[in-house]
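Colleague: The structure under discussion is supplied below as structure tokens; questions concerning it will follow.
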Amino acid sequence: MTKPHLQILLCAPRGFCAGVVRAIDAVEQALRIHGAPVYVRHEIVHNKYVVESLKKKGAIFVEELSEIPDTSAPVVFSAHGVPKSIPADAQQRNLLAIDATCPLVTKVHREAEIHHRRGRHILLVGHDGHPEVIGTIGQLPPGSITLVETIEDVERLEPADPSTLAYITQTTLSVDDTREIIEALTRRFPMIAHPHKEDICYATTNRQEAVKHVAPRVDAMIVVGSPNSSNSQRLREVAERSGCALARLVPRAEDIDWSLFSTVKTLGITAGASAPEVLVEEIIDSFLKRYTVDVEVISTTEENVFFPLPRPLREPSVEFDHGPV
């Protein structure tokens with residue numbers, strides 16, 4: 001029986017960003033240097049496949065430092081960043097802490113500290129409960145930062161002094177949604193201080209831009225990524241808003257609902273910044289079993305960003321180039 005034809009448009013860039021590569025490499029390098037176990041507070045990145053792979057190598061994942069026994073083993077903080085209280089607790093317990101926070105998240109933390117020192121109240125555009133938001137709010141004393149999730153939140157704001165406001169954003173948001181919220185903020189508070197450089201990271205922006213190019217051209221879009229991955233969920237939303245009638249977040253090939261794709265002739269595929277390329281290949285292989293497939297890569301930009309490992313894990317003889325950020 002002849003297989004039906006399927007055209008796959010593969011988004012580029014897709015998958016791992018420099019911050020995710022750095023975080024995963026940090027855990028693996030800690031295992032090489034110190035041996036197992038290496039403790040990791042929270043999922044190092046939001047991808048089950050990655051977490052399970054690191055568990056097999058000797059990483060132990062915990063949600064709180066209180067779950068870690070007194071030990072000389074290292075504890076790695078995830079790419080999302082942590083409140084300042086976490087490193088302080090680790091130091092008090094004499095734990096060997098390794099901070100794998102993405103440097104672009106750290107940039108937002110430093111911005112918040114500068115605004116605070118200058119007497120500004122900070123509005124953080126982000127999603128309540130996300131680890132990155134929790135970490136950013138935890139950089140400053142309670143009450144220093146107000147979370148803003150929607151335009152409606154902007155309209156409800158009643159700051160004590162509208163002339164001393166600043167905004168920062170979570171790095172993995174929808175570019176378009178965030179732009180609308182920032183426009184609402186600047187309309188209500190014309191004197192609000194802006195970031196010197198946009199806080200949404202290069203990888204989030206680039207992956208969303210690639211999806212915008214592909215989504216209007218396909219019958220369906222698969223975003224490879226985990227449900228708790230903010231940047232992956234945003235890619236799915238961008239695909240829908242860009243004209244794709246069917247957009248689904250798919251963690252693994254085994255999670256594909258084949259009934260949804262029975263009449264699809266063109267399929268877009270992308271991957272969130274925490275999803276490894278092996279999962280993209282796995283999903284394409286699954287379609288190859290059912291279809292005669294042609295794959296075309298749609299590239300919207302090239303990425304060459306590199307972040308060095310956290311300092312305690314660097315080889316002393318190796319020179320690192322930070323690259324463009």
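The values are calculated or read from the model by the stated rules, or taken from the named source; none is laboratory data. Model, not experiment: these values are computed from the prediction. In this analysis, Cβ positions are derived from the backbone assuming ideal geometry, glycine residues included, and neighbour counts consider all displayed protein chains.
Colleague: Which condition number does ALA26 fail, the rest of (1) outside any helix (DSSP H, G or I); (2) buried (at least 21 other Cβ atoms within 10 Å of the Cβ) being met?
Modeller: Of everything listed in (1) outside any helix (DSSP H, G or I); (2) buried (at least 21 other Cβ atoms within 10 Å of the Cβ), ALA26 misses just condition (1).
Colleague: Can THR270 be described as buried (at least 17 other Cβ atoms within 10 Å of the Cβ), polar (S, T, N, Q), outside any helix (DSSP H, G or I) and modelled with pLDDT of 95 or more?
Modeller: Against the criterion (buried (at least 17 other Cβ atoms within 10 Å of the Cβ), polar (S, T, N, Q), outside any helix (DSSP H, G or I) and modelled with pLDDT of 95 or more), THR270 qualifies.
Colleague: Another question about this same structure. Within the range 259-276, work out how many residues are in contact (Cβ under 8 Å) with a residue 12 or more places away in the chain, of a type outside the set (Lys, Arg) and more than 19 Å from GLU43 (Cβ to Cβ). If you could, list the steps in order and put the result at the bottom.
Modeller: Initially, the range 259-276 is screened for residues in contact (Cβ under 8 Å) with a residue 12 or more places away in the chain, giving 260-261, 263-276.
Right, trim to of a type outside the set (Lys, Arg) and you get 260-261, 263-264, 266-276.
So of that shortlist, the ones also more than 19 Å from GLU43 (Cβ to Cβ) come out as 260-261, 263-264, 266-270.
Selection size over the range 259-276: 9.
Colleague: Here are some residues: ILE137, ILE168, ILE86. Which one is touching a Leu at 6+ places or on another chain (Cβ under 9 Å), buried (at least 22 other Cβ atoms within 10 Å of the Cβ) and either basic (Lys, Arg) or touching a residue at least 40 places away in the same chain (Cβ under 8 Å) (or both)?
Modeller: ILE168
Colleague: Of the residues that sit in the range 1-56 and are of a type in the set (Gly, Ala, Ser) and under 18 Å from the mean Cα position of the chain (by Cα), which one is nearest to SER72 (Cα to Cα)? Lay out the reasoning, then the answer.
Modeller: So in the range 1-56, the residues of a type in the set (Gly, Ala, Ser) come out as 12, 15, 18-19, 23, 26, 30, 35-36, 53.
Restricting the remaining residues to those that are under 18 Å from the mean Cα position of the chain (by Cα) gives 12, 15, 18-19, 23, 26.
Working: ALA12: 42, GLY15: 34, ALA18: 29, GLY19: 26, ALA23: 20, ALA26: 17 Å.
Among them, the one singled out is ALA26.
Colleague: Only residues that are surrounded by 18 or more Cβ atoms within 10 Å (Cβ to Cβ) and either among the β-branched types (Val, Ile, Thr) or assigned to a helix (DSSP H, G or I) (or both): list them for the range 176-202, please.
Modeller: Those that are surrounded by 18 or more Cβ atoms within 10 Å (Cβ to Cβ) and either among the β-branched types (Val, Ile, Thr) or assigned to a helix (DSSP H, G or I) (or both): THR178, ILE181, ILE182, ALA184, LEU185, ILE192, ILE200, TYR202.
Colleague: Take GLU319 and tell me if it is at pLDDT 95 or above and of a type in the set (Asp, Glu).
Modeller: Criteria not met by GLU319.
Colleague: Exactly one of these conditions fails for GLY15: (1) among the small types (Gly, Ala, Ser); (2) under 25 Å from VAL250 (Cα atoms); (3) free of Cβ contacts under 8 Å to residues at least 40 places away in the same chain. Give me its number.
Modeller: Checking GLY15 against (1) among the small types (Gly, Ala, Ser); (2) under 25 Å from VAL250 (Cα atoms); (3) free of Cβ contacts under 8 Å to residues at least 40 places away in the same chain, the one that fails is (3).
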